[in-house]
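A quick write-up on the structure given underneath.
Every read-out reported here was derived from the displayed coordinates using simple, explicitly stated rules and does not represent laboratory data. Values in this document were obtained by computation on a predicted structure and should not be read as measured data. Positions of Cβ are backbone-derived with ideal geometry, glycine not excepted, and every protein chain shown enters the neighbour counts.
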Amino acid sequence: MANIPVEKTESGAAWLPWLLGLLALAAVAFFIFQAIDDPDTVETAEVEAVTPLEPAEPIDAPDATGPLTAAMFLAADDVSQYVGENVTFTGLRVMEVTGDKTFTVSPDGSDQTMLVYLEEEMTPGVQGVEGRYDVNPGQMVELVGTVQMLTADEASAWDVGSSGATGGSPYVRATALDIDGAELDQVEVDDTTIE
């Protein structure tokens, strides 16, 4: 028999390992990209310990839950702590008008009164009205002002003795007043009654 040299040719299966290698590489890349884009993947970081805050000092007021009211002011053991404080008091009934710029008020439903001095200019040429406001007993008012202590000179000059206020008594020096006239049955202006 004769020896005939035969050339070997590559069969089509030689590319199969390359194809499987590329598929494996693509699968690995797919899983890596999935892990990067996965919103459920949470990165953790070290967090430093937080020191709790110390509790704040209590507010030196009768009631730390809200603003100072006229009832709280009148019930305070030491009203001198409020001197110089700007206040807005609502729901006050005018009890007595003691002068052109002074009157007493009481929180509605209370028997305690406080003196109010109203800072206003006299209205020249208008009969029966001393200034911008015409305050009468029985009116409900809201006032804005500053807490002050009455001096003996002010008590004498304002003639507020009938109100019970004396030197050293607290009062409110009002800069604004809102009068609710709905409680009035009549108003007197220049000796004429208007109903």
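Here the spin labels are modelled as points 7 Å beyond Cα on the Cα-Cβ line, and at Gln81 and Gln34 they lie 6.9 nm apart. In this simple spin-label model, placing a label point 7 Å from the Cα along the Cα-to-Cβ direction at both Ala27 and Ala49 gives a separation of 4.8 nm.
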